[in-house]
1. Condition first: in contact with a strand residue (DSSP E or B) (Cβ under 8 Å, 6 or more places away or on another chain), of a type in the set (Asp, Glu) and farther than 30 Å from Phe118 by Cα. Now tell me which residues in region 320-378 satisfy that.
2. Do the conditions hold for Ile360, that is, is it of a type outside the set (D, E, K, R), under 17 Å from Thr411 (Cβ atoms) and under 30 Å from the mean Cα position of the chain (by Cα)?
3. I'd like to check something: does region 260-267 contain any residue that is of a type in the set (Ser, Thr, Tyr), over 30 Å from Gly372 (Cβ atoms), assigned to a helix (DSSP H, G or I) and modelled with pLDDT of 90 or more?
4. Of all the residues that make up region 240-253, how many are outside any strand (DSSP E or B) and in contact (Cβ under 8 Å) with a residue 40 or more places away in the chain?
5. Output the residues belonging to region 288-307 that are open to solvent by less than 20 Å² (accessible area, probe 1.4 Å) and in contact with a Gly (Cβ under 7 Å, 6 or more places away or on another chain).
6. So how many residues does region 274-295 have that are of a type outside the set (D, E, K, R), modelled with pLDDT of 85 or more, assigned to a loop (DSSP other than H, G, I, E, B) and at negative phi?
7. So in region 227-259, with the set limited to residues that are within 30 Å of Ser288 (Cα to Cα), open to solvent by 10 Å² or more (accessible area, probe 1.4 Å) and polar (S, T, N, Q), which one is modelled with the highest pLDDT?
8. Can we say Asn310 is surrounded by fewer than 17 Cβ atoms within 10 Å (Cβ to Cβ), closer than 30 Å to Thr381 by Cα and at pLDDT 90 or above?
Amino acid sequence: MPCVGTLKVATFQVVLASSVQRSFILLNYGNISKLGQTWLAGYDTVDSANSFTIKVSNASELSSSSNTNVNGRSTFPVDGSTKVPSNFLPSDDGQAVNSTANDGSSDAISLQQPFKFFGRTYSQIYMNSNGYLTFTKPLPASNSSLNPKRDIIAPLWTQLDSRRGGSISYINKPSSNVLAQVTAAVKQYFPNIPFAAASAFVATWKSVPYNNSGGVVNFQVVLAYNVHRSFVFIYYGDIAETGQSWQAGYSTVDSASSFLVPARSVSELSSSSNIKVTGCWAFQVDGSPKLPDNFIPFGNGEMVTPRLDNGSSEAIILQQPFKYFGRTLNQTFVNNNGLLTFAKPPSDCIPFLNSGRDLIAPLWTHFDNRQGGTISCREDTSSDVLAQVNAAIKQNSPNASFTASSAFVATWDNVPYYDGRGVRSDRYLSSELLLSCEVWKDFNAMCWYFEGGYFPSGFSLQCSALFHPAELWKHLKVGTNLAGWLRHGGLGQFFHD
């Protein structure tokens, strides 16, 4: 029989790893026999613009070669993208927007929670390939104009063509790390606005070519928001110069609120800023006024009532039972029409007392939060909030021995009246109701804030001293537009602060 020599064999593996925006090659080597024949290890491209050869003297050395400190493994980024700018939020796990048409758009993207944009609330968004976001429907316009008679956010509106390269993607379910990052950014650049991001929408245009010229663009827009406050961050990476028309900024359907980034050329966006951070712009866009100074600020864990006519929250179990005229209450309902009840939610919008139920009504009338505004509540035991509550009660009831252990805060922020009047920015109501508890004493504080001095006729406020809303405005208008009321025990005698 003829003698058969030992076969020379090789064991190796290639892994193509990819996300929406990044691609990597992993080359893993096991036992590689020495070769006497021609061999090569690496990669190449059709135009030879990008190629790499693993440089070892013999194929058997591949088993111990590495560029990652792991013997027998070499890893290479091969997507061809430029380096992600350091100011960008992570976007590798984003959902791709694959438009097959020039001037294309995504389908409607349902937001995780409603986004407030200058007084209007949206539950969906559209991401256009030409560098802008809309809310009501796609805007397939190639000519950049921040006066389209609709709400729009345009980090860089120009003619782009993602069919030729690059990627467009979004993240609608951000990680806790992303929420922490945007919360920290808001606190840094808007230090006087209490904010904790409940959601974020991250849209990224990465290495997307212009439509009719060379060069690519890299930019990202981040919507950071919760039930009360909304912020927009725009981040710019490398932006190639172009002769195409372009605009950057935002605008509203009525053009009442708009902003254009002041850059002389599109490439200057990469070095521009309004917060002294290169390539970054930040804006508060909810359109809500700052809460009055006599209000407890919004905090973590705010629950929002449903947007329903005569709607109410579900039963909210109080962490600290609330003593109310000898009765101990363990739950409450926050009604959209400006009152709290304890046994069940009310079904009537017409205010009246002597109804055979416990209730607290900072302003009981017919509101319609379907038109806008936010009604929210939370129970708070943080030291900062309790300190504010204790100080307020000590100021108004200096002889009361009281240290709060819990505070339930319900806020009606910028809520329109049912008849549609009082919706304009100079005609709104903000009210807040605070239940403050310790083991032996309970206080109920009511704070109102009015701007413009407008109350619609035909509405009534009922408390122990009944007067028309117009008279309430006269009582509240004391030098400033701020007034607070404190009472001890429930609807009864009020003390003006």
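1. The answer is Asp358, and nothing else.
2. So Ile360 fails the test.
3. yes
4. Going through region 240-253 one residue at a time, the tally reaches 6.
5. Thr305
6. 6
7. Gln247
8. So Asn310 fits the description; yes.
The values are calculated or read from the model by the stated rules, or taken from the named source; none is laboratory data. Everything numeric in this text was worked out from a predicted model, so none of it was measured. Neighbour counts are summed over all protein chains in view; Cβ atoms, including those assigned to glycine, are modelled from backbone coordinates with ideal geometry. Each accessible area value is taken on the protein alone, full model and side chains, heavy atoms only, with ligands, DNA and RNA left out. Shrake-Rupley method; radii C 1.70, N 1.55, O 1.52, S 1.80 Å.
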